[in-house]
Amino acid sequence: MKKLIIIFSSIALLVFLRPVLGLGENINSASNSSISTTQVDDNEEESIITEAVDGIKSFYSYTGFANSSSGNVIMIFIGIVFIYLGIKYNYEPLLLIPIGAGVILGNIPFVAGNQTGIYETGSVLNYLYFGVVKGIYPPLIFLGIGAMTDFSSLIANPKLMLLGGAAQIGVFATFMGALYLGFALPEAGAIGIIGGADGPTAIFLSSKLANGVNLLPDGTTVKNLIGPIAIAAYSYMALVPVIQPPLMRLLISKKDRKIKMKPPRAVTQKEKMIFPVVAMILTLFISPSALPLLGMLFFGNLLKESGRTERLADTARTKLIDIVTILLGVTVGASTQADIFITKDSMLIFGLGAISFVIATMGGLLFAKFMNLFLKGDNKINPLIGAAGVSAVPDSARVVHHEGLKSDPTNYLLMHAMAPNVSGVIGSAIAAGIILSFLA
């Protein structure tokens, strides 16, 4: 009996509470709303699918696949080739590998406006590229070169400096060729320095003359040729072992290639210390516009030879030059975005660069033969060292040395070749200063 009372009481309580809880309405309307609920669920599924597809499309629009062009693919391939040459054949790996990586970075397609590209104000690469545009990196490179260079061979045999000067014919031949092809005077001046086979000097001069900022007399803006000029200069520096040996064998007889030069005299430490100071004053009075380059070159050498600043010299020739080389290589490479780099002007610059490098090498070789007309006996010079007059230090001197060993395994030309090689560095900087004085 008690159980029945409990059951009925529970039922009565549920009946009383049902209207309050809305259970009756749900029960009565369940059958009516079942169709509409199914329709809502279908619409929600379609909406989710549509949003997912739109999200995928939006994601794809931001990827490199959606924004790439054939030019990007070509430049990325070129970057890979640079890296391959640096690793496989040891062609200036400290330059070609950073430049190759930079070329790839600069040609990864991106959506403009996200502060990604090297030419976008505020991007990280743009800040790093500031050192190229303003010519900051090249003088720091020269500081490191000065701190690692031994000028003893040049001090011991000063007449070999003429070979470094003779090789600069490539600079002025390229300048005339660029004018003939229709480049403006400042642009031609910047292109001409490629003939010196000196990457930092080429970047320094192009940052002053062909920077895309300066105005020509007619009011037009000069072209931004920093990237093509820098890539051309460094490419031909790396190809010294490929370009120079055939020219040596073509212009220099086997008999002349076997000429043995007498050992250079011993140079005192006092001479080594005096040289950078005297050379700094003389060269900068001749070409004041080259002060950032030559001033830092001889300052770095003074740190090395003074005997009192070894820590500074060590920093300049190791850590500092390594850091700057990385930044310079990557940013120069990244500046070769396809839409800016793959142009008719770039192709002309590369063609002129090849011709100028050949002319510079030939100028040094032929002038060395000319000098031998006035030298007698063991004072004669091996004409091969004339090829080292280009400022690709020390690769040109090494190539001369190896070529000499092929003709005579006992003929060591490395120290002799270093004299015109380092004078070529000085000569190209002086040439750049002279061009800058007239055209800036």
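The values are calculated or read from the model by the stated rules, or taken from the named source; none is laboratory data. What you are looking at is a predicted structure, and each value in this text was computed from that prediction instead of being measured. Here the Cβ is made from the backbone with ideal geometry for all residues, glycine too, and neighbour counts use every protein chain on show. We work out accessible area using only protein heavy atoms, side chains counted, and drop any ligands, DNA or RNA first. Shrake-Rupley method; radii C 1.70, N 1.55, O 1.52, S 1.80 Å.
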Is it possible to state the helix-based mean residue ellipticity at 222 nm for the chain, with each DSSP H run of 4+ residues giving -39500 (n - 2.57), the sum divided by total residues, to the nearest 500 deg cm²/dmol? What is it? -22500 deg cm²/dmol
Over 17 Å, how big is the tail of the calculated P(r) for the range 329-383, in percent of all Cα pairs? 61
Can you give the accessible area of residue 406, probe radius 1.4 Å, in Å² rounded to 10? 140
Taking N as the number of residues in the range 310-440, what value does Rg over Cα atoms divided by 2.2 N^0.38 Å take? 1.33
Residue separation between residue 354 and residue 379 times 0.36 nm, minus their alpha-carbon distance, gives in nm 5.7 nm
Once the dipole of the chain is set up with Lys and Arg at +1 and Asp and Glu at -1 on Cβ about the Cα centre, which of 384, 97, 396 lies farthest towards its positive end? 384
Could you list the square roots of 5 times each eigenvalue of the Cα gyration tensor of the chain, that is, the equivalent ellipsoid semi-axes, sorted largest first and rounded to whole Å? 70, 24, 21
Using the Kyte-Doolittle scale, find the helices of the chain whose mean hydropathy is at least 0.5 and whose Cα atoms extend 27 Å or more along the helix's long axis, counting only whole DSSP H runs. 2-21, 344-372, 414-439
With only Lys, Arg, Asp and Glu charged, each at its Cβ (+1 for the first two, -1 for the last two), find how big the charge dipole of the chain is about the Cα centre; round to the nearest 20 debye. 2440
Which value in Å is the Kirkwood Rh of the range 254-371 over different Cα pairs? 18.8
Mean-square fluctuation check for the chain, GNM, Cα pairs under 10 Å: which of 226, 252, 48 is largest? 48
Binned at 10 Å starting from 0, the alpha-carbon pair-distance distribution of the range 195-254 in whole percents comes out as 22, 34, 24, 14, 6, 1
Over the chain, what percent of the accessible surface lies on carbon and sulfur atoms, probe 1.4 Å? 69
Longer than 31 Å from Cα to Cα, which of 159/258; 270/319; 272/319; 88/369; 304/369 are they? Say none if no pair is. 88/369; 304/369
